[in-house]
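This report concerns only the one structure given below.
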Amino acid sequence: MPDLIHLPLLAAVSANSGESVSLAFLILTILVAVAFDFTNGFHDTANAIATSVSTRVLSPRVAIVMAAFLNFLGAFISTQVAKTIGTDVAEPSALTPIAVMAALLAAIVWNLLTWYVGLPSSSSHALIGGLVGAAVIASPLHFGALKLDGIMKIVLSLILSPAIGLVIAYALGIALLWIFRTTSPHHVTSISRWLQRVSAAFVAFSHGSNDAQKTMGVITAAIISYEAATTATAQSFVVPTWVIALSATAMALGTSFGGWRIIRTMGMRMVKMRPVDGFAAQTAAASVILAASHIGLPVSTTHVIAGSVMGVGARQRLSAVRWGVAGNMVVAWILTGPITAIIAAVFCLVLQMVKL
């Protein structure tokens with residue numbers, strides 16, 4: 001790849017004035033991607049720590065520091081999800097810096113709106129919906145630029161992963177009841193508090209392994225599109241090391257700010273949990289997320305955690321789950337993709353009109 005990939009971004013300077021404008025916009029797009037990664041971090045902090053905070057296993061401050069550190073480490077384990085985001089949603093030519101910018105702006109707007117009202121929506125849905133809407137506008141092929149097989153694969157992974165988390169958490173909850181059947185409640189609580197600390201760390205690590213890669217994917221797609229336009233040569237999809245480090249750092253910084261409104265919804269309003277329940281929910285969710293990262297499937301940490309929380313609640317009894325709260329979340333999940341696609345399409349049209 002050209003110097004833009006191998007050298008620090010700010011050291012890449014073009015001698016051609018027309019190319020400099022494109023390079024400046026590419027740099028701006030990368031900065032917006034970092035902003036999205038930051039909002040993803042604080043928006044999804046609750047996913048890793050809400051159950052631990054609500055069961056009082058970890059203090060909020062300790063939980064956030066731990067989650068930030070492990071989010072950072074998790075981002076380095078793979079780039080398979082980044083490749084899926086960058087190559088399976090639309091044709092590479094459609095994911096121009098303008099299209100990526102529009103998708104990111106739409107996802108940021110949606111993240112901030114749902115964070116403000118305390119609704120655990122999906123950053124993954126928001127970004128993918130934004131990419132679809134922006135690609136349709138940015139490409140002369142319009143809907144023909146979309147890779148329907150790839151989009152269907154991603155949609156199925158987003159839909160099925162919370163259901164799988166629910167089933168695993170339900171089964172694990174039953175297994176723990178059987179394992180601790182002769183243990184006193186006091187000892188069960190004491191043991192499960194330590195276990196939940198481990199599972200909280202597992203969730204934070206798995207979150208970094210999947211969510212940070214989505215930002216890596218869009219940054220790399222934008223760079224490849226820029227290089228193809230300015231050098232007229234095709235580039236292979238390889239995530240530069242500096243993009244991995246940048247995405248990991250932004251995710252960790254965002255996580256360190258926390259998301260207290262969503263923590264209350266995820267950890268306190270949906271199901272009342274004990275430490276043993278929190279351990280079951282977190283272990284189930286982290287297992288699903290890490291497995292998805294391994295095979296390159298983007299999943300929503302929010303969805304998977306929520307499904308797992310509902311699984312442990314349903315194991316107690318169906319009425320233990322506050323289905324009204326869960327229902328509002330599902331509605332937000334369904335609306336996220338279409339709404340962010342529309343917002344991204346509008347942003348893309350505006351950016352094209354001002355000829356950035």
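The values are calculated or read from the model by the stated rules, or taken from the named source; none is laboratory data. Every value quoted in this text rests on a predicted model; they were computed, and no experiment measured them. Because the Cβ atoms are built from the backbone with ideal geometry, glycine has one as well, and the counts that use them run over all protein chains shown.
Annotations
- Of all the numbered requirements in (1) over 22 Å from the mean Cα position of the chain (by Cα); (2) surrounded by 14 or more Cβ atoms within 10 Å (Cβ to Cβ), Gly144 misses one, and that requirement is (2).
- Reported count of residues in region 53-71, each being under 21 Å from the mean Cα position of the chain (by Cα) and closer than 16 Å to Ala286 by Cβ, is 6.
- Residue in region 83-125 that is farthest from Val239 (Cα to Cα), counting only those that are assigned to a loop (DSSP other than H, G, I, E, B) and of a type in the set (A, V, I, L, M): Val117
- Applying the condition of being within 17 Å of Ser308 (Cα to Cα) and buried (at least 20 other Cβ atoms within 10 Å of the Cβ) to region 322-356 and asking which residue is modelled with the highest pLDDT yields Trp333.
- Conditions (1) outside any helix (DSSP H, G or I); (2) farther than 30 Å from Val354 by Cα; number of the one not met by Pro140: (2)
- Looking only at residues in region 127-141 that are under 20 Å from the mean Cα position of the chain (by Cα) and among the β-branched types (Val, Ile, Thr), the one that is nearest to Asn40 (Cα to Cα) is Ile128.
- For region 260-275, the criterion of being among the hydroxyl-bearing types (Ser, Thr, Tyr), at pLDDT below 80 and within 21 Å of the chain's Cα centre (by Cα) is satisfied by at least one residue.
- Total residues in region 147-169, condition surrounded by fewer than 24 Cβ atoms within 10 Å (Cβ to Cβ) and of a type in the set (S, T, N, Q): 1
Each row is one residue, and each column tells you yes or no for (1) assigned to a helix (DSSP H, G or I); (2) farther than 23 Å from Val53 by Cα; (3) touching a residue at least 40 places away in the same chain (Cβ under 8 Å).
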{"position": "Thr183", "(1), (2), (3)": "no, yes, no"}
{"position": "His187", "(1), (2), (3)": "yes, no, no"}
{"position": "Val203", "(1), (2), (3)": "yes, no, yes"}
{"position": "Gly208", "(1), (2), (3)": "yes, no, yes"}
{"position": "Ala221", "(1), (2), (3)": "yes, yes, yes"}
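- Count - residues of region 140-178 that are within 27 Å of Ala341 (Cβ to Cβ) and among the hydroxyl-bearing types (Ser, Thr, Tyr): 2
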